[in-house]
1. For the stretch 185-203, enumerate the residues that are in a helix (DSSP H, G or I) and among the acidic types (Asp, Glu).
2. Can you say whether residue 72 is surrounded by fewer than 22 Cβ atoms within 10 Å (Cβ to Cβ) and under 20 Å from residue 308 (Cβ atoms), as far as the supplied structure shows?
3. Name the helices (runs of 4 or more DSSP H) wholly inside the stretch 85-180 in which the number of residues that are within 21 Å of the chain's Cα centre (by Cα) and buried (at least 17 other Cβ atoms within 10 Å of the Cβ) is 1 or more.
4. Across the stretch 204-232, which residue is surrounded by the fewest Cβ atoms within 10 Å (Cβ to Cβ) among those that are part of a loop (DSSP other than H, G, I, E, B) and either at positive phi or at pLDDT below 95 (or both)?
5. Return only the number of the condition from (1) among the aliphatic types (A, V, I, L, M); (2) surrounded by fewer than 22 Cβ atoms within 10 Å (Cβ to Cβ); (3) more than 18 Å from the chain's Cα centre (by Cα); (4) at pLDDT 95 or above that residue 286 does not satisfy.
6. Can you tell me which of 89, 43, 37 is touching a strand residue (DSSP E or B) at 6+ places or on another chain (Cβ under 7 Å), touching a residue at least 40 places away in the same chain (Cβ under 8 Å), at positive phi and of a type outside the set (Phe, Trp, Tyr)?
7. What is the one condition in (1) surrounded by fewer than 18 Cβ atoms within 10 Å (Cβ to Cβ); (2) modelled with pLDDT under 95; (3) farther than 27 Å from residue 279 by Cα that residue 66 does not satisfy?
Amino acid sequence: MTFPAPDRALAIEYARGERDSGPLFAEARRLRDERGRTITYSRKVFIPITTLCRDKCTYCTFAKPPGAGGEFLTPDDVRAIATAGETHRCTEALLTLGDKPEDRWPQAADFLRSQGVASTIDYVVAMSELIAIETTLFPHANPGIMHEDAVRALRPSNVSMGLMLENISPRLMEPGMPHFDCPDKDPMLRVATIEAAGRLRVPFTSGVLVGIGETADELVDSLFTLAGLQAQWGHLQEIIVQNFRAKADTRMRRSAEPTVDYFARIVALTRWIMGPQMNVQVPPNLTDDFGVYLDAGINDWGGVSPLTIDWVNPEAPWPHLDKLRAVTSAAGFELRPRLPVYPEFITQEWIDPVLMAKVQDSIDSDGYAAISDKVGAE
């Protein structure tokens, strides 16, 4: 029996558990297997450029106020982490930060002035250039909302960039909801950033956050929004499906986390809606038995670090690379390391000329990272 083409009403029924999910999972696996039997990951270091932020998301422990962990990394800090990543054979420097902290915190504005830059985005550009020039790593910036000029400034030093859509519903910004008083979580601003990256031909990562109070309809609409953006621009190199994890010292610390069964169903829906060519990723450190998502159609584990913690989910350690490989192999797949840009995007159209020679020197004949990682994480 042929599975139907992606359909919003049917997707909502699956998301709500109103249909037997067996055929959906089978279709997700079939679509994934059109890509072959390779599962990828990116060997990375996590570089938290600043833990200051102007937003007040109710589930976040990454952002902190000044004097309580909220600060910028100095250039020496950034250089030290990236250099340590080189010794651990990492290829990605994931640059993560809070949105526009200088608009809320005088301490952020003071630091930026001390560095001779006008904004946090300008500082991210400077740190990206430092990493790209001084190390073998490739920056992948996630600086939040960006106008087109910021994307353009980052492109010569970043082989890829990212911004999670999280959810398309503005309802989540209303009082009592997780994105209230979070101007940078406006879904239309996030869509505009994704579109800016598309216009400038930047390989881009986006995705959804599952379990923060959204409805099944809103989650399905978010996935169809991403599918529409991909149909228009063709630049979404991967879609992350991330499960909410309740954290102490947040207002959502007692909120229910999505069950594995429900979340896996959303992963399978993502594969169905996004199609066989999309790279679909689930973070392996947020579920104990992460191998179940191989049955839901994923083909990537995302960034995994042998050195740095997951600063967004610090309570959830990365799986050792030996375990990641064992779980992947047991399911009949080959695990291969990649750069923060996927092989299909390593072309003159997508990679800035400044970076192309470095990229070509860092990949094998299939476009994957030219590193041997058989010994696992150090």
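The values are calculated or read from the model by the stated rules, or taken from the named source; none is laboratory data. This structure is a prediction, so every number in the text was calculated from the model and none was measured. Cβ placement follows ideal geometry from the backbone for every residue including glycine, while neighbour counts extend to all protein chains displayed.
1. Scanning the stretch 185-203 gives a single hit, 195.
2. Criteria not met by residue 72.
3. 120-134, 148-154
4. Filtering the stretch 204-232 for residues that are part of a loop (DSSP other than H, G, I, E, B) and either at positive phi or at pLDDT below 95 (or both), the one surrounded by the fewest Cβ atoms within 10 Å (Cβ to Cβ) comes out as 213.
5. The failed condition is (3).
6. Just one listed residue meets the conditions, 89.
7. Unmet condition: (2).
Condition check ((1) touching a helix residue (DSSP H, G or I) at 6+ places or on another chain (Cβ under 8 Å); (2) surrounded by fewer than 23 Cβ atoms within 10 Å (Cβ to Cβ); (3) among the polar types (S, T, N, Q); (4) at pLDDT 95 or above) across all residues:
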position	(1), (2), (3), (4)
248	no, yes, no, no
260	yes, yes, no, yes
264	yes, no, no, yes
291	yes, yes, no, yes
297	yes, no, no, yes
301	yes, no, no, yes
